[in-house]
Amino acid sequence: MKTYFLTIAVLISIPLLNTAYSQPLEYGDAPEAVIAYPSSGIIGTFPTCIQVGTSFVQHNNFGAQLGPAFDFEIDGNGGLCPTFAPYDNDECYADGDAGLLIPEPYTIVNNQVVTCPNSTGTSLGQTCAIATWGGNVDIDVSNFMPNQTPGIMNVVIDFNQNGVWGDMVTCPTGQVPEHILQNFVVPWGYAGPLSGLMPPAFTIGPNTGYVWARFTISEAPVAINWDGQGVFEDGESEDYLIHIHAPTSDAEYGDAPEGAIAYPSTSLNGAFPTCISVGPPNHYVSHMLEETLYWGPTKDFETDGNAGLCSPFIAPYDNDECYQDNDAGLIIPAPYTIQVSGGSHNVVPCVAGTAGILDSICNMVHWGSELDIHVTNLSAMDALANVLMDFNRNGRWDLDTTMQCSGNTVYEHVLVNFVVPAGYTGQLSALNPPAFQAGPNVGYIWTRFTVSDINVTPDWDGVGSFEMGESEDYLLYLDLTPGLIDYEGYGELLKLKIYPNPTNHSCMIAYALPYAADVSIDIYDIRGRQVANVLQASQMAGEHEINWNGSGSDGHTVGSGIYIVKVSIDNIPVEHAKVLISN
């Protein structure tokens with residue numbers, strides 16, 4: 001008897017992960033097997049890379065998408081899988097597939113968190129607070145899947161910053177899931193912000209700092225406490241690095257006016273990004289509780305920006321720009337503030353009798369002689385200093401290309417991402433920041449000094465939620481240009497000259513009057529404090545000379561340093577010059 005064996009060939013379709021597909025596939029962007037959080041060294045194990053991890057997210061036929069275009073990648077974040085460096089910044093939507101509307105995201109460059117290109121970086125909100133769609137977060141979504149079925153939207157955020165999704169964290173109000181939006185329906189044919197469909201609010205996790213978030217739209221629901229993985233017929237997944245800040249009572253804010261008078265002479269309201277209770281959502285600057293990076297001897301904690309302007313929104317100004325709470329950082333020039341009296345707003349020196357001058361309009365401002373500030377960086381990382389000046393006096397900092405001096409455009413972002421080394425404490429001028437050109441307008445200008453842990457863009461407007469650092473705002477003054485001034489009839493050259501210069505004690509001050517006038521000559525130190533009045537008299541037209549013996553109003557000889565000789569004609573400041581005294 002013969003035995004026959006029947007052989008049956010069974011064809012099993014097994015997807016080969018390294019096989020070229022007939023159509024491109026769409027994957028996630030979050031780090032897998034590489035650094036996800038530089039500050040802690042945590043390696044991401046987010047399900048992204050088919051050539052690295054055991055799980056990933058994948059979409060095949062699309063039909064539903066986040067943002068204006070699909071993001072096709074051969075294997076997750078192209079810069080991470082499998083080559084790992086550099087990050088390809090898909091989370092910054094550099095390939096035109098932007099979906100995230102708010103908050104503005106971050107990325108990782110050279111093992112440091114930085115803002116995405118064309119972004120200032122804004123916060124999702126504060127720890128353990130309630131976040132709303134449209135207020136704290138929003139994303140553009142559309143559903144045109146071929147089978148005309150509803151789309152299913154899911155969002156996960158790594159609140160505990162451990163490099164995976166799907167955990168549960170704890171706030172004082174109770175447990176908070178990382179799976180913040182669970183199987184939310186997006187009707188077929190819908191295109192617009194997700195907030196338009198009114199998703200439910202959610203609680204933000206308890207940890208400050210940066211967190212990886214995955215937004216997924218697909219044709220199928222997922223399990224509760226989903227970890228971000230899945231192979232879907234339709235849809236798209238987009239991952240973003242976003243920020244969570246500490247409760248406002250533990251944060252540091254700016255001081256410049258928002259929603260209140262910034263320049264009394266023009267009655268212009270400031271729109272500087274300062275007040276979380278006055279400005280638009282996420283339109284402020286904040287720094288977290290840590291105290292290793294700041295201006296001056298201490299850090300200045302405020303509940304909501306300039307407390308006298310922002311919360312409650314009442315006068316008087318609280319004069320933080322005058323460092324009354326002992327957090328002085330500015331060394332020169334002497335700053336001003338705004339006082340409210342009888343319903344009138346007036347600019348006054350922070351310290352009576354100590355008027356300060358930043359420089360003359362269109363002059364080059366040099367660190368150390370015209371401007372300086374004390375900075376402290378006790379952290380183990382290099383920090384970055386940025387300075388903004390409202391040269392056009394329009395109540396905000398922006399990229400204004402209309403301001404020019406002799407045909408050269410003058411920008412308001414005067415110091416861009418200047419490095420303050422780890423462990424440095426001292427004057428910023430000692431690090432040799434580059435000089436910059438002052439704007440073309442005479443008068444007071446609101447200035448923001450920010451030191452932080454991340455880069456900002458060259459067109460930065462002062463907005464940002466930073467893990468480290470401090471922002472301090474000061475009202476400074478730009479004076480008239482030395483030399484030929486066509487102002488109130490003084491169109492001739494004053495010919496101001498000081499000699500000898502430098503000098504070891506006294507000097508001669510020479511000038512020429514175009515016609516008879518009342519003349520005042522005053523001496524100021526480099527911090528803008530008046531040292532002496534050399535002349536107060538009516539003089540005839542013509543050339544004049546007067547001696548300054550190097551003494552102050554108290555009769556004592558002044559110390560070595562740079563002093564400013566200021567000439568006013570008929571109570572109008574017309575010209576000034578500097579003299580160096582070396583005793």
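The values are calculated or read from the model by the stated rules, or taken from the named source; none is laboratory data. Quick caveat, the model's predicted, so the values are computed rather than measured. Glycine gets a Cβ as well: all are built from the backbone with ideal geometry, and neighbour counts include every protein chain shown. The accessibility values were calculated without ligands, DNA or RNA, using every heavy atom of the protein model including side chains. Shrake-Rupley method; radii C 1.70, N 1.55, O 1.52, S 1.80 Å.
Among the candidates GLU545, GLU472, single out the residue that is charged (D, E, K, R), closer than 30 Å to HIS245 by Cα and modelled with pLDDT of 80 or more.
Details: GLU545 fails: closer than 30 Å to HIS245 by Cα.
None of the other options fit; the residue is GLU472.
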What single numbered condition from (1) open to solvent by less than 20 Å² (accessible area, probe 1.4 Å); (2) within 20 Å of ASP453 (Cα to Cα); (3) β-branched (Val, Ile, Thr); (4) out of contact with any Phe, Trp or Tyr (no Cβ under 7 Å at 6 or more places or on another chain) fails to hold for THR216? (2)
Yes/no for VAL109 being within 18 Å of ARG214 (Cα to Cα), β-branched (Val, Ile, Thr) and either open to solvent by 10 Å² or more (accessible area, probe 1.4 Å) or in contact with a strand residue (DSSP E or B) (Cβ under 8 Å, 6 or more places away or on another chain) (or both): no
Checking the structure you have, find out if any residue of the stretch 247-255 is over 14 Å from ASN154 (Cβ atoms), open to solvent by less than 10 Å² (accessible area, probe 1.4 Å) and of a type in the set (Val, Ile, Thr). no
Can you pull out every residue in the stretch 24-46 that is assigned to a strand (DSSP E or B) and either charged (D, E, K, R) or at pLDDT 90 or above (or both)? GLU26, GLU32, ALA36, TYR37, ILE42, ILE43, GLY44, THR45
Going residue by residue through the stretch 475-492, is there one that turns out to be at pLDDT 90 or above, under 30 Å from VAL375 (Cβ atoms) and either out of contact with any Leu (no Cβ under 9 Å at 6 or more places or on another chain) or surrounded by fewer than 18 Cβ atoms within 10 Å (Cβ to Cβ) (or both)? yes
ALA438 is checked against (1) at pLDDT below 90; (2) farther than 25 Å from PRO105 by Cα and fails just one. What number does that condition carry? (1)
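Name the residue that is most open to solvent (accessible area, probe 1.4 Å), counting only residues in the stretch 318-333 that are part of a loop (DSSP other than H, G, I, E, B) and at pLDDT below 85. Show your work before the answer.
Step one: list which residues in the stretch 318-333 are part of a loop (DSSP other than H, G, I, E, B), which gives 318-319, 323-329, 333.
Next, only the ones that are at pLDDT below 85 stay: 318-319, 323-328.
Values: ASP318: 41, ASN319: 21, TYR323: 52, GLN324: 133, ASP325: 68, ASN326: 105, ASP327: 1, ALA328: 32 Å².
Looking at the filtered set, the residue picked out is GLN324.
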Pair list, Cβ < 6 Å and 6+ apart or interchain, from the stretch 205-217 residues that are within 11 Å of SER123 (Cβ to Cβ) and free of Cβ contacts under 8 Å to residues at least 60 places away in the same chain to residues that are open to solvent by less than 10 Å² (accessible area, probe 1.4 Å) and of a type in the set (Phe, Trp, Tyr): none
Considering the stretch 401-438 alone, what residues qualify as being open to solvent by 50 Å² or more (accessible area, probe 1.4 Å) and at positive phi? SER406, GLY407, GLY423, ASN432
Given (1) part of a strand (DSSP E or B); (2) closer than 20 Å to PRO150 by Cα; (3) not hydrophobic (A, V, I, L, M, F, W, C), index of the condition GLN175 fails: (2)
Please count how many residues of the stretch 439-459 are open to solvent by 10 Å² or more (accessible area, probe 1.4 Å) and either of a type in the set (Lys, Arg) or in contact with an Asp or Glu (Cβ under 6 Å, 6 or more places away or on another chain) (or both). 1
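Which residue, of ASN394, ASN386, is open to solvent by 30 Å² or more (accessible area, probe 1.4 Å) and either out of contact with any helix residue (DSSP H, G or I) (no Cβ under 7 Å at 6 or more places or on another chain) or assigned to a loop (DSSP other than H, G, I, E, B) (or both)? Even if it seems obvious, please write down each step before you answer.
Values: ASN386 fails: open to solvent by 30 Å² or more (accessible area, probe 1.4 Å).
Criteria check complete, one pass: ASN394.
Tell me which residues, restricted to the stretch 334-346, are surrounded by fewer than 16 Cβ atoms within 10 Å (Cβ to Cβ) and not polar (S, T, N, Q). Full working, then the answer.
Within the stretch 334-346, the first condition is being surrounded by fewer than 16 Cβ atoms within 10 Å (Cβ to Cβ), and the residues that meet it are 339, 341-344, 346.
Passing the criteria: GLY342, GLY343.
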Among the residues of the stretch 221-246, the number that are hydrophobic (A, V, I, L, M, F, W, C) and open to solvent by 30 Å² or more (accessible area, probe 1.4 Å) is 3
For the stretch 550-573, give me each residue that is open to solvent by 50 Å² or more (accessible area, probe 1.4 Å), at pLDDT 85 or above and within 19 Å of GLY353 (Cα to Cα). SER553, ASP554, GLY555, HIS556
Restricting the stretch 61-74 to residues that are open to solvent by 10 Å² or more (accessible area, probe 1.4 Å) and either under 21 Å from TYR190 (Cβ atoms) or acidic (Asp, Glu) (or both), the residue that is modelled with the lowest pLDDT: GLU73
Considering residues that are in a strand (DSSP E or B) and at pLDDT below 90, the number found within the stretch 524-537 is 4
Checked the stretch 88-109 for anything within 22 Å of the chain's Cα centre (by Cα), modelled with pLDDT of 80 or more and not β-branched (Val, Ile, Thr); matches are LEU100, LEU101, PRO103, GLU104, PRO105, TYR106
Long-range neighbours under 9 Å by Cβ, at least six apart or interchain, first residue over 18 Å from TYR444 (Cα atoms) and of a type in the set (Ser, Thr, Tyr) within the stretch 250-262, second open to solvent by 10 Å² or more (accessible area, probe 1.4 Å) and modelled with pLDDT of 90 or more: none
Residues to consider are THR173, THR120; find the one that is touching a Ser or Thr at 6+ places or on another chain (Cβ under 9 Å), open to solvent by 50 Å² or more (accessible area, probe 1.4 Å), over 26 Å from GLY41 (Cβ atoms) and of a type outside the set (Lys, Arg). THR173
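Considering only residues that are part of a loop (DSSP other than H, G, I, E, B) and under 16 Å from GLN427 (Cβ atoms), look in the stretch 347-377 and name the one that is most open to solvent (accessible area, probe 1.4 Å).
First pass over the stretch 347-377, keeping only residues part of a loop (DSSP other than H, G, I, E, B): 350-358, 361-363, 366, 368-370.
Narrowing further to those that are under 16 Å from GLN427 (Cβ atoms): 366, 368-370.
Working: HIS366: 89, GLY368: 42, SER369: 30, GLU370: 17 Å².
The qualifying residue most open to solvent (accessible area, probe 1.4 Å) is HIS366.
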Please enumerate the residues belonging to the stretch 501-523 that are open to solvent by 40 Å² or more (accessible area, probe 1.4 Å), in a strand (DSSP E or B) and of a type in the set (A, V, I, L, M, F, W, C). MET508
Taking the condition touching a strand residue (DSSP E or B) at 6+ places or on another chain (Cβ under 7 Å), on the phi < 0 side of the Ramachandran plot and among the acidic types (Asp, Glu), does ASP398 pass? no
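Determine, yes or no, whether SER379 is under 26 Å from ASP525 (Cα atoms), among the polar types (S, T, N, Q) and in contact (Cβ under 8 Å) with a residue 12 or more places away in the chain. Talk me through it step by step, then tell me what you get.
Values: under 26 Å from ASP525 (Cα atoms): no; among the polar types (S, T, N, Q): yes; in contact (Cβ under 8 Å) with a residue 12 or more places away in the chain: yes.
For SER379, the condition - under 26 Å from ASP525 (Cα atoms), among the polar types (S, T, N, Q) and in contact (Cβ under 8 Å) with a residue 12 or more places away in the chain - is not met.
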